Amino acid sequence: MPHSLLPYTRKINITSDRGHTNVNRWSDIRARLSTFISSILGRISRYTVALTLVFVAIFLARLLNIIEWAGPPSEDLGGDLVVLHAYIQQNPVFPWFRNANPPIYHFFVVLPLTTVLPTMFAMKIVDSLVPSVIIFPFYFLCKLIIRDRSASLIGSYLFAFSEAFNVMLGWGGTLNLFALFFAIPTLCYTIRMARRWNATDGILAAVFLSLTIGTHQLTGLYTTFAVILVLGASYLPRVGLAPTTKGYAKSIGLTVVLSLPYAPTYLSLLAATVNLFTPRSSPIQTLSPPAFSYQSIANVFGPLASTFESAVILTLPSVLGLVCLTRERDKMSLMIVGCSALAALILVPLLNPTIYVRAAYFLPIPIFLLVASFHRQLLRITAKSNIKWKGSAILLAALVIGGLTLTSFSQMQSSQVYNMSITDQTLQALNWISSNTGPNDTIYTNFNGLGAWIAGYSQRPELSPRPLGTVVTQPDYDRTIAANAIKVGNYVLYGGQLTVGDLFPVGYANPAVYVNDYSGSSGLLFLDDYYQNVTYNSTTQRLTNASRTFGGLQNNTLTYAYSWTFGSVQRSVTVESARTLDIRYEVDIPNSMSLSFTSRIERFGGVNIQYTPEDANVSNIEATLQDQSVVDLSISVSSQNGSASPIVFDQNDSVTGSPTIVVEASAQSSHLGFDIIITFQNVTFNLPIQPMSTSNLFSTYNVRYLLLDKSQQPELERFQENTALGQVFSNSRAVILSVP
């Protein structure tokens, strides 16, 4: 070989060696990757595949149920956005929402999805996905306790698609459900730790409990109760577990350490709470003070089944599953079911009357463990018995699974519709607000459930009426009282348990009395200016035909003036004491020698009145409100000059067309003065009274726009009669008025 060719030959050989090396490396990587994939696939059983497919089916069923809507249901989802913005924005709409909930859900669910997807679509995904993923941890809890994969698969499917959870996703309870994603593994590792102490199980139990605490405070409280009960029950000799006080102490200590990052949230809630638990001294007093009762326990089971049929279908396998565990003397499983159920029931006396039924949403854990136990027994029958018993077992399982599926699907659809606050029309209004208002402009709305979307989606401050029992912190509580006052009148005397609202100068409900409790405000009685008549010299005039002027506020008294060319009427409304409301009329008709005034007192729709006259000028009334609360009161009339006719109650008054109390006073002079005195027996005004006016509240909270529901016609007309308010937006459902 010529010398000149040697370098070239060497070069070819070197390149060939390097190529060989690269090929070997890639072959080695492919082999390792193949081995890794094979090991993973080897661990995937047909149950894993089935569980994943069931999860996908549940998720798609829920998503397809809401995908056609303009947005997801419930203002709770809008509230999730408010909390997230309070964490991540420098100038959030409501800064105090930063500690309204622990942060994990908002950072690990809401933030990623709203970052990569349009907001409304992202929240639809949240509302469909979060309740569906809890199928995975519950399957492993079932498998740990029931020790049957097929039965666990059935039980976890029915659990994840249960009626209770479909109701929850309807009202936006995804935060609560995401916390269950951590709460259930907490129970798993607590059980493993109690069976036989293992440091890894103790650490994982602490990690998952801290994650639950960092996601949702009520679920964190439930899970803590459940863990304490399980660990305590492990010391019972008959259960047959192996408790270790030292190990438990280590796990609890680690939980405390891992939960420290969430301490600011809980300290803030404890400092600013008004309704976190049943208040011992609350700004509102209820008709019947909240108390623990067996009826309260019974009511908790209501959200688990919407119909008698679904209750039977759910109860039957649960009871039979309990019988199976009892006959098998499965002490540990019975202990777990009992502890998880008892932890939910412990919450009932701790929560205020508005939300205590939320304890029901933890009961599916023990209930569907029992359902899984029932199906394990059916599967055993199909495996060993004759064809007759096999057919009966298969039929029974199909009836239970099919029945619960149908009722859950029906509940999913109805709860979505019932709680839906976002429509195409309201979304148009929200988009208008986002584009045409300033960041500090407050929006008042009377749309049910739209307030949080104004704050979370349009990112504007809002005022919206709501039940006080659902409000947690003091700043939100104050704004809610203001919104509730705007709703009931242009002028308001707010007294906690009782409110007097006056729509003057509009001719409806002047004045009106409302009873407040944790669940909301209920109209009781009102006087309507359309039916307050003054008669002089055989001529009758309604108060609505007069020119009207607000007289002002002094010493818990609101005064109003009605005037004609021939005379005037002055009306004053005074809270005289904690139990007494005085409505006084002063009539002056200078050219009259004989005049009378007729006043009609009506009850709000849904209020039932039992009327008992005491004497000519005093009547006792028992009023039953829509929530079946009873208010006892008396109405009396006194005349400063002239005389008062006996009080008359007409069940079907010819003038008003409804049950009406008629009061009439007369005088043979040009002046008439008389008082209608309402004395309450079992409800009171909280003194001192808070006087409010809509115009002052608009100024205090910088309300610049009103987003009004066209279907609420009386309130719409009330604001549209105010010529100072200008219409800036309108569609078939909503109207927006600007406040000067």
*asked:* Can you tell me which of (1) closer than 29 Å to S464 by Cα; (2) surrounded by 15 or more Cβ atoms within 10 Å (Cβ to Cβ) is the one Q727 doesn't meet?
replied: (2)
_Which listed residue is under 30 Å from V323 (Cα atoms), in a helix (DSSP H, G or I) and either in contact (Cβ under 8 Å) with a residue 40 or more places away in the chain or among the basic types (K, R) (or both), from L187, L218_ = L187
*From the set of residues in the range 485-507 that are within 18 Å of V739 (Cβ to Cβ) and assigned to a helix (DSSP H, G or I), which is most open to solvent (accessible area, probe 1.4 Å)?*
K487
*Just give me the residues in the range 448-463 being open to solvent by 10 Å² or more (accessible area, probe 1.4 Å) and under 17 Å from N484 (Cα atoms), in sequence order.*
N448, G449, A452, P461, E462
*Please enumerate the residues belonging to the range 341-350 that are under 12 Å from V300 (Cα atoms) and touching a Ser or Thr at 6+ places or on another chain (Cβ under 8 Å).*
V348, P349
*Identify, please: which residue in the range 344-375 is among the hydroxyl-bearing types (S, T, Y) and under 21 Å from the mean Cα position of the chain (by Cα) and is, among those, surrounded by the most Cβ atoms within 10 Å (Cβ to Cβ)?*
Y361
_Residue tally, condition out of contact with any Phe, Trp or Tyr (no Cβ under 6 Å at 6 or more places or on another chain), surrounded by 18 or more Cβ atoms within 10 Å (Cβ to Cβ) and free of Cβ contacts under 8 Å to residues at least 60 places away in the same chain, over the range 509-531_ = 3
*Of all residues in the range 706-724, which are in contact (Cβ under 8 Å) with a residue 24 or more places away in the chain and either more than 27 Å from L558 (Cβ to Cβ) or open to solvent by less than 30 Å² (accessible area, probe 1.4 Å) (or both)?*
L706, L707, L708, D709, K710, E715, R718
*asked:* All but one of (1) surrounded by fewer than 20 Cβ atoms within 10 Å (Cβ to Cβ); (2) assigned to a helix (DSSP H, G or I) hold for L229; state the number of the condition that does not hold.
replied: (1)
*With T544, T480 as the choices, which residue is farther than 20 Å from I661 by Cβ, part of a helix (DSSP H, G or I) and without any contact (Cβ under 8 Å) to a residue 40 or more places away in the chain?*
T480
_Long-range neighbours under 6 Å by Cβ, at least six apart or interchain, first residue over 13 Å from V618 (Cβ atoms) within the range 642-655, second of a type outside the set (S, T, Y) and part of a loop (DSSP other than H, G, I, E, B)_ = Q651/P659
*List the pairs whose first member sits in the range 119-131 and is over 19 Å from Q459 (Cα atoms), whose second member is among the polar types (S, T, N, Q) and open to solvent by 20 Å² or more (accessible area, probe 1.4 Å), and whose Cβ atoms are under 9 Å apart, counting only residues at least 6 apart or on separate chains?*
V126/T114; S128/N65
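Scan the range 532-585 for residues that are among the aromatic types (F, W, Y), farther than 16 Å from G501 by Cβ and open to solvent by less than 30 Å² (accessible area, probe 1.4 Å) and report the count.
2
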_Considering only the range 162-177, I want to know if a residue exists there that is assigned to a helix (DSSP H, G or I), modelled with pLDDT of 95 or more, open to solvent by less than 10 Å² (accessible area, probe 1.4 Å) and hydrophobic (A, V, I, L, M, F, W, C)._
no
*asked:* Of everything in the range 204-226, what is over 15 Å from P137 (Cα atoms), among the hydrophobic types (A, V, I, L, M, F, W, C) and open to solvent by less than 10 Å² (accessible area, probe 1.4 Å)? Give them in sequence order.
replied: A206, A226
_What's the total number of residues in the range 327-343 that are touching a residue at least 60 places away in the same chain (Cβ under 8 Å), open to solvent by 70 Å² or more (accessible area, probe 1.4 Å) and within 14 Å of R238 (Cβ to Cβ)?_
1
*For the range 75-85, state whether one or more residues are under 19 Å from T426 (Cα atoms), modelled with pLDDT under 95 and in contact with an Asp or Glu (Cβ under 9 Å, 6 or more places away or on another chain).*
yes
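Considering only the range 663-690, state which residues are open to solvent by 30 Å² or more (accessible area, probe 1.4 Å) and more than 30 Å from S592 (Cβ to Cβ).
Within the range 663-690, T679, Q681, N682, N686, L687, P688, Q690 qualify.
Looking only at the range 371-386, which residues are free of Cβ contacts under 8 Å to residues at least 12 places away in the same chain and basic (K, R)? Give the derivation first.
Filtering the range 371-386 for residues free of Cβ contacts under 8 Å to residues at least 12 places away in the same chain gives 380, 383-386.
Correct list: R380, K384.
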*Got a number for residues in the range 240-283 being surrounded by fewer than 16 Cβ atoms within 10 Å (Cβ to Cβ), modelled with pLDDT under 80 and either in contact with a strand residue (DSSP E or B) (Cβ under 9 Å, 6 or more places away or on another chain) or more than 30 Å from D517 (Cα to Cα) (or both)?*
2
_Just checking, does the range 82-95 include any residue being over 15 Å from E462 (Cβ atoms) and open to solvent by less than 20 Å² (accessible area, probe 1.4 Å)?_
yes
*Of the criteria (1) out of contact with any Pro (no Cβ under 8 Å at 6 or more places or on another chain); (2) part of a strand (DSSP E or B); (3) open to solvent by less than 20 Å² (accessible area, probe 1.4 Å); (4) not aliphatic (A, V, I, L, M), which one S592 fails*: (2)
*Kindly list the number of the only condition in (1) part of a loop (DSSP other than H, G, I, E, B); (2) closer than 23 Å to G606 by Cα that fails for G523.*
(1)
*Failed condition for L697, given (1) touching a strand residue (DSSP E or B) at 6+ places or on another chain (Cβ under 6 Å); (2) surrounded by 15 or more Cβ atoms within 10 Å (Cβ to Cβ)*: (1)
*Residue check: is T286 buried (at least 17 other Cβ atoms within 10 Å of the Cβ) and modelled with pLDDT under 85?*
yes
*asked:* Condition first: of a type outside the set (A, V, I, L, M, F, W, C) and in a helix (DSSP H, G or I). Now tell me which residues in the range 429-454 satisfy that.
replied: N431, S434, S435, N436, G451
*Give the residues of the range 688-708 that are touching a Ser or Thr at 6+ places or on another chain (Cβ under 8 Å) and modelled with pLDDT under 95, sorted by residue number.*
none
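The values are calculated or read from the model by the stated rules, or taken from the named source; none is laboratory data. What you see is a predicted model; the values in this text were computed from it and never measured. Cβ: placed from backbone, ideal geometry, glycine included. Neighbour counts: every protein chain shown. When the accessible area is computed, the model is the full protein with side chains, heavy atoms only, and any ligands, DNA or RNA have been set aside. Shrake-Rupley method; radii C 1.70, N 1.55, O 1.52, S 1.80 Å.
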